[in-house]
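Colleague: Take a look at this one; I'll ask things after.
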Amino acid sequence: MNHFLEYLNSDQLDSELFIEKALYSLAAILLTFFLMKGLKWLLPKLTDNENLAQRINRFSRLIVFFLAFIFILSLWFSQAKLLGVIILIILAFLTLASRDVVVDLVAYLYIILRSPLEVGSVIDINGVSGEVVDLDFLQINLAEVGTMTKARTHTGRYISVPNRWIFEHAIYNYNHDSPYVVVDVMVPIDYGQDLEKVKKITAKVAYEKYEGFLEQCTEEELKLFKRKMDGLEASTKPQIRIEYGNRSMNVYIQFFTPYDKIAVNKMIMQNALYFDLRNRGIQVTSMQVVKFEE
(Lines give C-alpha, C1' and ligand atoms only; values in the text may rest on other atoms or scores of the structure.)
Protein backbone atom coordinates (compact mmCIF):
# COMPACT_ATOMS: atom_id res chain seq x y z
CA MET A 1 0.00 0.00 0.00
CA ASN A 2 2.92 2.34 0.74
CA HIS A 3 4.25 1.67 -2.75
CA PHE A 4 0.95 2.77 -4.23
CA LEU A 5 0.90 6.01 -2.19
CA GLU A 6 4.49 6.77 -3.15
CA TYR A 7 3.56 6.20 -6.80
CA LEU A 8 0.67 8.66 -6.58
CA ASN A 9 2.95 11.35 -5.09
CA SER A 10 5.87 10.80 -7.49
CA ASP A 11 6.76 12.77 -10.61
CA GLN A 12 5.92 9.72 -12.71
CA LEU A 13 2.25 10.48 -12.38
CA ASP A 14 0.77 12.44 -15.25
CA SER A 15 -2.49 14.15 -14.29
CA GLU A 16 -4.20 13.55 -17.63
CA LEU A 17 -3.14 9.92 -17.65
CA PHE A 18 -4.34 9.59 -14.07
CA ILE A 19 -7.79 10.94 -14.99
CA GLU A 20 -7.96 8.62 -18.00
CA LYS A 21 -7.08 5.59 -15.89
CA ALA A 22 -9.55 6.61 -13.21
CA LEU A 23 -12.34 6.88 -15.81
CA TYR A 24 -11.45 3.49 -17.28
CA SER A 25 -11.46 2.00 -13.77
CA LEU A 26 -14.86 3.54 -13.02
CA ALA A 27 -16.19 2.23 -16.34
CA ALA A 28 -14.89 -1.27 -15.51
CA ILE A 29 -16.61 -1.18 -12.11
CA LEU A 30 -19.93 -0.04 -13.63
CA LEU A 31 -19.66 -2.61 -16.43
CA THR A 32 -19.01 -5.34 -13.86
CA PHE A 33 -22.05 -4.26 -11.84
CA PHE A 34 -24.38 -4.21 -14.85
CA LEU A 35 -23.02 -7.51 -16.16
CA MET A 36 -23.76 -9.19 -12.83
CA LYS A 37 -27.28 -7.71 -12.77
CA GLY A 38 -27.82 -8.66 -16.42
CA LEU A 39 -26.73 -12.26 -15.89
CA LYS A 40 -29.02 -12.59 -12.88
CA TRP A 41 -31.93 -11.34 -14.99
CA LEU A 42 -31.09 -13.28 -18.19
CA LEU A 43 -30.21 -16.76 -16.93
CA PRO A 44 -33.71 -17.69 -15.61
CA LYS A 45 -35.06 -16.82 -19.07
CA LEU A 46 -32.57 -19.11 -20.83
CA THR A 47 -33.19 -22.24 -18.74
CA ASP A 48 -35.99 -23.65 -16.59
CA ASN A 49 -33.44 -25.46 -14.42
CA GLU A 50 -33.14 -23.18 -11.39
CA ASN A 51 -30.14 -25.04 -9.95
CA LEU A 52 -28.23 -24.77 -13.25
CA ALA A 53 -29.06 -21.07 -13.55
CA GLN A 54 -27.81 -20.40 -10.01
CA ARG A 55 -24.57 -22.31 -10.58
CA ILE A 56 -23.85 -20.48 -13.85
CA ASN A 57 -24.69 -17.18 -12.13
CA ARG A 58 -22.27 -17.83 -9.25
CA PHE A 59 -19.47 -18.97 -11.56
CA SER A 60 -20.00 -16.04 -13.96
CA ARG A 61 -20.05 -13.56 -11.09
CA LEU A 62 -16.72 -14.89 -9.85
CA ILE A 63 -15.13 -14.73 -13.32
CA VAL A 64 -16.43 -11.23 -14.10
CA PHE A 65 -15.24 -9.89 -10.73
CA PHE A 66 -11.80 -11.47 -11.17
CA LEU A 67 -11.34 -10.13 -14.72
CA ALA A 68 -12.41 -6.62 -13.68
CA PHE A 69 -10.00 -6.75 -10.74
CA ILE A 70 -7.07 -7.78 -12.95
CA PHE A 71 -8.00 -5.20 -15.63
CA ILE A 72 -8.03 -2.33 -13.14
CA LEU A 73 -4.72 -3.37 -11.61
CA SER A 74 -3.11 -3.70 -15.04
CA LEU A 75 -4.18 -0.11 -15.83
CA TRP A 76 -2.31 1.28 -12.87
CA PHE A 77 0.76 -0.94 -12.71
CA SER A 78 3.24 -2.42 -15.15
CA GLN A 79 3.32 -6.16 -15.67
CA ALA A 80 6.52 -6.43 -13.63
CA LYS A 81 4.90 -4.87 -10.58
CA LEU A 82 1.45 -6.38 -11.00
CA LEU A 83 2.02 -9.59 -9.02
CA GLY A 84 3.64 -7.73 -6.14
CA VAL A 85 0.80 -5.20 -6.05
CA ILE A 86 -1.82 -7.96 -5.98
CA ILE A 87 -0.05 -9.61 -3.05
CA LEU A 88 0.21 -6.27 -1.21
CA ILE A 89 -3.50 -5.55 -1.74
CA ILE A 90 -4.49 -9.00 -0.51
CA LEU A 91 -2.30 -8.62 2.57
CA ALA A 92 -3.70 -5.14 3.22
CA PHE A 93 -7.22 -6.46 2.87
CA LEU A 94 -6.59 -9.30 5.30
CA THR A 95 -5.05 -6.84 7.75
CA LEU A 96 -7.78 -4.20 7.54
CA ALA A 97 -10.87 -6.33 6.95
CA SER A 98 -12.94 -7.42 9.90
CA ARG A 99 -12.52 -10.92 11.28
CA ASP A 100 -16.11 -11.82 10.34
CA VAL A 101 -15.61 -10.98 6.67
CA VAL A 102 -12.45 -13.10 6.51
CA VAL A 103 -14.24 -16.02 8.22
CA ASP A 104 -17.18 -15.65 5.80
CA LEU A 105 -14.79 -15.91 2.84
CA VAL A 106 -13.07 -18.96 4.33
CA ALA A 107 -16.48 -20.51 5.01
CA TYR A 108 -17.50 -19.88 1.38
CA LEU A 109 -14.43 -21.78 0.16
CA TYR A 110 -15.22 -24.57 2.63
CA ILE A 111 -18.81 -24.83 1.32
CA ILE A 112 -17.57 -25.01 -2.29
CA LEU A 113 -14.92 -27.64 -1.53
CA ARG A 114 -16.67 -29.74 1.14
CA SER A 115 -20.34 -29.28 0.07
CA PRO A 116 -22.13 -29.54 3.44
CA LEU A 117 -24.97 -27.79 1.58
CA GLU A 118 -25.72 -26.60 -1.94
CA VAL A 119 -28.42 -24.76 -3.87
CA GLY A 120 -31.63 -26.73 -3.33
CA SER A 121 -30.64 -28.02 0.12
CA VAL A 122 -33.35 -27.66 2.77
CA ILE A 123 -31.64 -26.82 6.06
CA ASP A 124 -32.09 -25.74 9.65
CA ILE A 125 -29.26 -23.60 11.04
CA ASN A 126 -29.29 -21.55 14.25
CA GLY A 127 -33.10 -21.62 14.37
CA VAL A 128 -33.52 -20.58 10.72
CA SER A 129 -35.23 -23.01 8.32
CA GLY A 130 -35.14 -22.58 4.57
CA GLU A 131 -34.27 -23.81 1.11
CA VAL A 132 -30.89 -22.61 -0.17
CA VAL A 133 -31.48 -20.51 -3.30
CA ASP A 134 -28.07 -18.85 -3.64
CA LEU A 135 -24.56 -18.78 -2.17
CA ASP A 136 -22.17 -15.87 -2.36
CA PHE A 137 -18.85 -14.87 -0.81
CA LEU A 138 -20.39 -13.67 2.45
CA GLN A 139 -23.91 -15.12 2.77
CA ILE A 140 -26.13 -18.15 2.43
CA ASN A 141 -29.43 -16.99 0.94
CA LEU A 142 -32.56 -18.93 1.86
CA ALA A 143 -36.22 -19.05 0.89
CA GLU A 144 -37.70 -19.40 4.36
CA VAL A 145 -39.91 -22.36 5.23
CA GLY A 146 -41.87 -23.03 8.39
CA THR A 147 -40.28 -25.08 11.19
CA MET A 148 -39.35 -28.33 9.51
CA THR A 149 -40.87 -30.67 12.08
CA LYS A 150 -44.15 -28.72 12.25
CA ALA A 151 -44.95 -27.22 8.85
CA ARG A 152 -42.90 -27.52 5.69
CA THR A 153 -44.29 -24.59 3.66
CA HIS A 154 -42.58 -21.58 2.08
CA THR A 155 -43.40 -18.33 3.84
CA GLY A 156 -42.43 -16.11 0.90
CA ARG A 157 -39.70 -14.44 2.95
CA TYR A 158 -36.06 -14.33 1.83
CA ILE A 159 -33.39 -14.77 4.51
CA SER A 160 -29.65 -14.16 4.27
CA VAL A 161 -27.40 -15.66 6.95
CA PRO A 162 -23.59 -15.27 7.20
CA ASN A 163 -21.44 -18.07 5.82
CA ARG A 164 -19.54 -18.25 9.13
CA TRP A 165 -22.58 -19.86 10.77
CA ILE A 166 -21.51 -23.20 9.33
CA PHE A 167 -18.53 -23.08 11.73
CA GLU A 168 -20.58 -21.82 14.69
CA HIS A 169 -23.81 -23.84 14.53
CA ALA A 170 -25.00 -27.33 13.62
CA ILE A 171 -26.51 -27.66 10.12
CA TYR A 172 -29.51 -29.97 9.76
CA ASN A 173 -29.63 -30.87 6.06
CA TYR A 174 -32.94 -32.56 5.23
CA ASN A 175 -32.14 -33.64 1.67
CA HIS A 176 -28.35 -33.93 1.52
CA ASP A 177 -28.18 -37.29 -0.25
CA SER A 178 -31.79 -38.53 -0.14
CA PRO A 179 -35.20 -36.91 0.33
CA TYR A 180 -36.08 -39.00 3.41
CA VAL A 181 -35.56 -38.60 7.13
CA VAL A 182 -36.52 -40.61 10.23
CA VAL A 183 -38.85 -38.96 12.76
CA ASP A 184 -41.00 -40.14 15.64
CA VAL A 185 -44.32 -39.38 17.31
CA MET A 186 -45.47 -39.98 20.88
CA VAL A 187 -48.77 -40.64 22.63
CA PRO A 188 -48.84 -40.71 26.48
CA ILE A 189 -50.92 -43.39 28.25
CA ASP A 190 -51.83 -43.84 31.91
CA TYR A 191 -49.85 -46.20 34.12
CA GLY A 192 -51.35 -49.66 34.70
CA GLN A 193 -52.37 -50.35 31.10
CA ASP A 194 -51.91 -53.74 29.41
CA LEU A 195 -48.51 -53.24 27.76
CA GLU A 196 -48.77 -56.28 25.47
CA LYS A 197 -52.06 -54.97 24.14
CA VAL A 198 -50.54 -51.50 23.74
CA LYS A 199 -47.60 -52.94 21.78
CA LYS A 200 -49.90 -54.89 19.41
CA ILE A 201 -52.09 -51.85 18.73
CA THR A 202 -49.04 -49.63 18.19
CA ALA A 203 -47.36 -52.13 15.84
CA LYS A 204 -50.58 -52.47 13.80
CA VAL A 205 -50.92 -48.68 13.41
CA ALA A 206 -47.23 -48.25 12.59
CA TYR A 207 -47.17 -50.82 9.79
CA GLU A 208 -50.52 -49.80 8.30
CA LYS A 209 -49.42 -46.19 8.01
CA TYR A 210 -45.95 -47.29 6.89
CA GLU A 211 -47.51 -49.00 3.87
CA GLY A 212 -49.42 -45.81 3.09
CA PHE A 213 -46.24 -43.72 3.25
CA LEU A 214 -44.46 -46.15 0.90
CA GLU A 215 -47.01 -45.32 -1.78
CA GLN A 216 -45.85 -41.67 -1.74
CA CYS A 217 -42.29 -42.64 -2.70
CA THR A 218 -40.66 -43.65 -5.97
CA GLU A 219 -38.85 -46.98 -6.16
CA GLU A 220 -35.53 -45.34 -7.02
CA GLU A 221 -35.72 -42.91 -4.10
CA LEU A 222 -36.54 -45.75 -1.70
CA LYS A 223 -33.54 -47.78 -2.88
CA LEU A 224 -31.31 -44.77 -2.29
CA PHE A 225 -32.64 -44.23 1.23
CA LYS A 226 -32.43 -47.94 2.10
CA ARG A 227 -28.81 -48.03 0.94
CA LYS A 228 -28.06 -45.00 3.13
CA MET A 229 -29.72 -46.58 6.19
CA ASP A 230 -28.02 -49.93 5.56
CA GLY A 231 -24.70 -48.10 5.63
CA LEU A 232 -25.63 -46.82 9.09
CA GLU A 233 -26.84 -50.30 10.12
CA ALA A 234 -30.31 -48.83 10.64
CA SER A 235 -33.73 -49.96 9.48
CA THR A 236 -36.25 -48.17 7.29
CA LYS A 237 -39.10 -50.11 8.90
CA PRO A 238 -41.09 -48.44 11.70
CA GLN A 239 -39.87 -49.04 15.25
CA ILE A 240 -41.96 -48.85 18.42
CA ARG A 241 -40.91 -48.29 22.03
CA ILE A 242 -42.42 -47.42 25.41
CA GLU A 243 -40.65 -45.11 27.85
CA TYR A 244 -41.60 -44.32 31.45
CA GLY A 245 -42.24 -40.63 32.12
CA ASN A 246 -42.97 -38.73 35.32
CA ARG A 247 -46.75 -38.77 34.87
CA SER A 248 -47.38 -41.29 32.10
CA MET A 249 -45.93 -44.00 29.91
CA ASN A 250 -44.99 -42.62 26.53
CA VAL A 251 -45.65 -44.76 23.46
CA TYR A 252 -43.39 -43.92 20.50
CA ILE A 253 -43.46 -44.81 16.81
CA GLN A 254 -40.31 -44.06 14.84
CA PHE A 255 -40.73 -44.02 11.05
CA PHE A 256 -39.29 -42.57 7.87
CA THR A 257 -40.96 -39.92 5.74
CA PRO A 258 -40.16 -37.60 2.83
CA TYR A 259 -38.73 -34.40 4.35
CA ASP A 260 -41.40 -32.27 2.67
CA LYS A 261 -44.19 -34.31 4.30
CA ILE A 262 -42.81 -34.39 7.85
CA ALA A 263 -45.64 -32.37 9.37
CA VAL A 264 -48.58 -34.09 7.67
CA ASN A 265 -47.21 -37.63 8.15
CA LYS A 266 -46.47 -37.00 11.82
CA MET A 267 -50.04 -35.76 12.25
CA ILE A 268 -51.46 -38.84 10.48
CA MET A 269 -49.35 -41.29 12.50
CA GLN A 270 -49.95 -39.64 15.88
CA ASN A 271 -53.69 -39.23 15.38
CA ALA A 272 -54.08 -42.83 14.20
CA LEU A 273 -52.19 -44.11 17.23
CA TYR A 274 -54.14 -41.92 19.65
CA PHE A 275 -57.59 -42.92 18.38
CA ASP A 276 -56.75 -46.64 18.00
CA LEU A 277 -55.45 -46.82 21.57
CA ARG A 278 -58.44 -44.97 22.94
CA ASN A 279 -60.98 -46.96 20.89
CA ARG A 280 -59.45 -50.23 22.12
CA GLY A 281 -59.93 -49.29 25.76
CA ILE A 282 -56.45 -47.94 26.57
CA GLN A 283 -56.51 -44.94 28.90
CA VAL A 284 -54.79 -42.17 26.98
CA THR A 285 -53.47 -39.14 28.86
CA SER A 286 -55.12 -35.93 27.69
CA MET A 287 -53.37 -34.39 24.67
CA GLN A 288 -54.26 -32.27 21.68
CA VAL A 289 -54.89 -34.09 18.43
CA VAL A 290 -56.00 -32.88 15.02
CA LYS A 291 -59.16 -34.30 13.47
CA PHE A 292 -58.62 -35.13 9.83
CA GLU A 293 -60.22 -36.97 6.93
CA GLU A 294 -58.03 -39.49 5.12
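Colleague: For the cross-link pairs LYS204/LYS237; LYS204/LYS266; LYS204/LYS226; LYS199/LYS261, which exceed 18 Å when the distance is taken from alpha carbon to alpha carbon?
Modeller: Details: LYS204/LYS237 13 Å; LYS204/LYS266 16 Å; LYS204/LYS226 22 Å; LYS199/LYS261 26 Å.
Table pairs above 18 Å Cα-Cα are LYS204/LYS226; LYS199/LYS261.
Colleague: What is the ratio of the Cα radius of gyration of region 180-280 to 2.2 N^0.38 Å, with N the residue count, to two decimals?
Modeller: Normalised by 2.2 N^0.38 Å, the Cα Rg of region 180-280 equals 1.12.
Colleague: Using only the alpha carbon atoms of region 100-176, find the Kirkwood hydrodynamic radius as the inverse mean reciprocal pair distance, in angstroms to one decimal. All intermediate terms of the calculation are to be shown ahead of the outcome.
Modeller: On the way: mean 1/r = 0.0813 Å⁻¹.
This gives a value of 12.3 Å.
Colleague: Using a 1.4 Å probe, what is the accessible area per residue for region 180-280, in Å²?
Modeller: Working: 5620 Å² over 101 residues.
Here the residues of region 180-280 average 56 Å² of exposed surface.
Colleague: Which order do you get for LEU39, LEU73, LEU30, LEU46 if you rank them by accessible area with a 1.4 Å probe, largest at the top?
Modeller: Greatest to least solvent exposure: LEU46, LEU30, LEU39, LEU73.
Colleague: Just to make sure I understand: if all protein chains stay in place, what is the order of LEU222, LEU62 by accessible area at 1.4 Å, largest first?
Modeller: Greatest to least solvent exposure: LEU62, LEU222.
Colleague: Ignoring ligands, DNA and RNA, what percent of the 1.4 Å accessible area of region 180-280 is carbon and sulfur?
Modeller: Within region 180-280, the accessible surface is 47 percent carbon and sulfur.
Colleague: Step through the residues of region 112-117 one at a time and calculate ³J(HN,Hα) from phi using the Karplus curve (6.51 cos²θ - 1.76 cosθ + 1.60, θ = phi - 60°), rounding each to whole Hz and writing x for Gly and Pro.
Modeller: Running phi through 6.51 cos²θ - 1.76 cosθ + 1.60 with θ = phi - 60° gives 5, 7, 9, 6, x, 7 Hz.
Colleague: Still on this structure, I have one more. List the residues whose amide H sits under 5 Å from the amide H of VAL181, counting only those 5 or more places along or on another chain, with H placed 1.01 Å from N in the peptide plane.
Modeller: For VAL181, the qualifying residues are THR257, TYR259.
The values are calculated or read from the model by the stated rules, or taken from the named source; none is laboratory data. Here the structure is a predicted model, which means the values were calculated and not measured. What goes into the accessible areas is simple: the full protein's heavy atoms, side chains included, and nothing from ligands, DNA or RNA. Shrake-Rupley method; radii C 1.70, N 1.55, O 1.52, S 1.80 Å.
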